[in-house]
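What follows is a single structure, written as C-alpha cells, with notes after it.
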Amino acid sequence: MEKKRILTGDRPTGKLHIGHYFGSLKKRVELQESGEYDPYILIADVQALTDNFNNPEKVRKNVREVAMDYLSVGIDPKKTTIYIQSMIPEIAELTVFYSNLVTIARLERNPTVKTEIAQKKELFGESVTYGFLGYPVSQAGDITAFEGQIIPVGEDQLPLIEQCREIVRKFNHIYGDVLVEPEAVLSSGKRIKGLDGNEKMGKSLGNAIYLSDSEEEITKKVMSAVTDPNRIKKDDLGNPDICMVAYYHNLFSKEEDVKKICEECKAGKRGCVVCKRQLAQNIIEELRPIREKRAYYESHPEEVEQILKEGTKKAQEVAKQTMKKVKQAMKLDYFE
Ligand code: SF4
C-alpha cells in the first residue's frame, strides 16, 4: 500500500526553539519513525518574505539554521524530504492559477489571516500587502503541488487548510478531478508558554530557549524566568501554579521531582535560585543530544547543503508531475 504523504513546514525567520520542539518537531519525528507516512517538510522561504520582504538576508540565513534544527532533533533525510519553497517554481504558478478561485472578501474573512494581520500592524499599518493577504492561496500551492494528504496543524491553522480544501474543490469542479484534497489533523503537540509567562514563545518577545542555545545561555535565561512574585524569602509560602519555573519543571523534570518541588515550594522549604539551577540543568541535559548533533552540522555545512539539494530535487520532480496534470486540465499544455 502506498504511504500517505504528510506535509509540514516552517517559515525560516529565526532558529527553532523549544516551543517548536514540543509543538511540532517531536511529533514530526514520531510520524517519521512510525514508517506509515511519506513525510515532506517545506522550508517556506517565500512565505517568510511576505512579512520580511525588506530583509532577504535574514530569510536566506535562516533556511540553513532551520534545516540544522530539523536534522539535530532527528528528522532523517533518508526518511523525510526536506526542501526549499522558492526552488519549486510550480508553487508560484499554482498560486497564480488559484488566485482566480478565491475572492478578496474570503481571504479577509479567514480568521488566521485576520489574527496575523492584527499582529503585524507595526509592519503593515493600515495597508496590508497583496502577498500577505494572499498567503493562504500560496499555501494551497504548497500543499497541492506535492499532493499532500495529511497536514498536521495547530488549531489556529485550521482555517488555512479549510481554505485550501475550498480551492481544491473549486478547481476540481471547474477543471476536472486533478488535485488531492488534504485533510487537516490536529497535531497533539503542546503549546509552550514563554519564560515570562506569555502564551507565545518567540524571538521578538525575548522569552524563548533555542535548540541551539549554549549551556550558559540556557542557564542565564532560566535564571530570569518569572516566578511567584509574592515570594521574597526562601521561607515564604510559594504558589508553583503561577511560577514559570514550576511550569518548565513539568516539561523537563521527572514526575517525582516535580511533586517534591511543588510541595517544598508551597511549604516555604525551597529557594528559587536552587529551583532554577535544577531546572536549567535538566533542560541542558534534555537538549544536549540535539545541541551536539547541531554542532556537528554547524561544522559540516556542506552536508546540510547536500541534504537540501537532494530533498529539493526530489520535491521538484513531484511538483513537475502535478503541474503537468494541472496544465492539461486547464488547457494550458501547449507544445506538448
Ligand atoms: Fe517557583 Fe521554584 Fe520559586 Fe517555587 S521555589 S516559586 S516553584 S522557582
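Computed values, structure above
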{"read-out": "Relative pair counts by distance (%), Cα atoms of the stretch 60-144, 5 Å bins", "value": "3, 11, 18, 16, 17, 17, 11, 5, 1, 0"}
{"read-out": "Where Rh is the Kirkwood radius over Cα pairs, Rg/Rh for the chain", "value": "1.03"}
{"read-out": "Distance (nanometres) between label positions extended 7 Å along Cα→Cβ at Met223 and Glu33", "value": "3.4 nm"}
{"read-out": "Listed residues Arg294, Arg60, Arg109, most fluctuating in the chain (Gaussian network, C-alpha, under 10 Å)", "value": "Arg109"}
{"read-out": "Size of charge dipole - the stretch 185-336 - debye, nearest 20, with Cβ of Lys, Arg +1 and Asp, Glu -1, no other charges", "value": "480 debye"}
{"read-out": "Share of pairwise Cα separations in the stretch 146-195, more than 12 Å, in percent", "value": "66 percent"}
{"read-out": "Cα convex hull of the stretch 6-76, projected area averaged across orientations, nm²", "value": "4.5 nm²"}
{"read-out": "Charge dipole magnitude, Cβ of K and R +1, D and E -1 - the stretch 1-98, Cα centre, debye nearest 20", "value": "220 debye"}
{"read-out": "Separation of the Lys320 and Ile242 label points, Cα + 7 Å toward Cβ, nm", "value": "6.2 nm"}
{"read-out": "DSSP H segments from the chain that extend 30 Å or more along their own axis, Cα-based, with Kyte-Doolittle mean of -1.0 or above", "value": "272-298"}
{"read-out": "All-pairs Cα distance distribution in the stretch 43-104, expressed in whole percent, bin size 10 Å", "value": "19, 39, 31, 10, 0"}
{"read-out": "Potential extension, Arg288-Lys120 segment - 0.36 nm per residue separation minus Cα distance", "value": "57.0 nm"}
{"read-out": "Protein-only accessible surface order, largest first, of Asp69, Asp51 at 1.4 Å", "value": "Asp51, Asp69"}
{"read-out": "Rounded D (µm²/s) - the stretch 141-246, Kirkwood Rh over Cα pairs, Stokes-Einstein at 25 °C, 0.890 mPa s", "value": "140 µm²/s"}
{"read-out": "Inverse of mean 1/r across different Cα pairs in the stretch 200-336, Kirkwood, Å", "value": "18.8 Å"}
{"read-out": "Highest-fluctuation residue, Asn282, Asn52, Asn230 considered, GNM on the chain with Cα pairs under 10 Å", "value": "Asn230"}
{"read-out": "Label-to-label distance, nm, for residues given as Arg169 and Asn230 (7 Å Cα→Cβ offset)", "value": "5.2 nm"}
{"read-out": "P(r) tail fraction, the stretch 110-162 - alpha-carbon pairs more than 19 Å apart, %", "value": "33 percent"}
{"read-out": "Calculated FRET value between Val180 and Phe53, using beta carbons and R₀ = 41 Å, to 0.05", "value": "0.85"}
{"read-out": "Viscosity 1.002 mPa s, 20 °C: Kirkwood-radius Stokes-Einstein D of the stretch 1-142 over Cα pairs, µm²/s", "value": "131 µm²/s"}
{"read-out": "Globularity ratio of the stretch 247-310, using Cα Rg and 2.2 N^0.38 Å", "value": "1.70"}
{"read-out": "Tail beyond 19 Å, pair distance distribution of the stretch 80-188 (Cα, percent)", "value": "47 percent"}
{"read-out": "Mean Cα-pair separation over length for the chain, i.e. relative contact order, pairs under 8 Å, 6 or more apart, %", "value": "22 percent"}
{"read-out": "Euclidean distance between Cα centres, the stretch 127-196 to the stretch 14-91, Å", "value": "16 Å"}
{"read-out": "With 10 Å bins from 0: P(r) over the stretch 194-276, alpha-carbon pairs, percent", "value": "18, 50, 28, 4"}
{"read-out": "Computed [θ] at 222 nm, deg cm²/dmol, the chain (DSSP H ≥ 4; -39,500 (n - 2.57); rounded to nearest 500)", "value": "-16500 deg cm²/dmol"}
{"read-out": "Protection-proxy order for peptides 329-335, 203-209, 78-84, each taking the mean of Cβ atoms within 10 Å per residue, highest first", "value": "78-84, 203-209, 329-335"}
{"read-out": "Among Ser72, Ala208, Ile84 the positive-end extreme of the charge dipole of the chain (Cβ point charges)", "value": "Ala208"}
{"read-out": "Residues of the stretch 147-186 with amide N under 11 Å of the 7 Å Cα→Cβ point at Lys4", "value": "149-152, 182-186"}
{"read-out": "Dimensionless Rg/Rh of the stretch 14-53 - Kirkwood Rh, Rg from C-alpha atoms", "value": "1.08"}
{"read-out": "Proximal lysines to Lys233, defined as alpha-carbon separation beneath 16 angstrom and excluding residues fewer than eight positions away on the same chain", "value": "Lys266, Lys269, Lys276"}
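The values are calculated or read from the model by the stated rules, or taken from the named source; none is laboratory data. If you're wondering where the values come from, they're calculated on a predicted model, not measured in any experiment. Positions of Cβ are backbone-derived with ideal geometry, glycine not excepted, and every protein chain shown enters the neighbour counts. Only protein heavy atoms, including side chains, enter the accessible area calculation; ligands, DNA and RNA are left aside. Shrake-Rupley method; radii C 1.70, N 1.55, O 1.52, S 1.80 Å.
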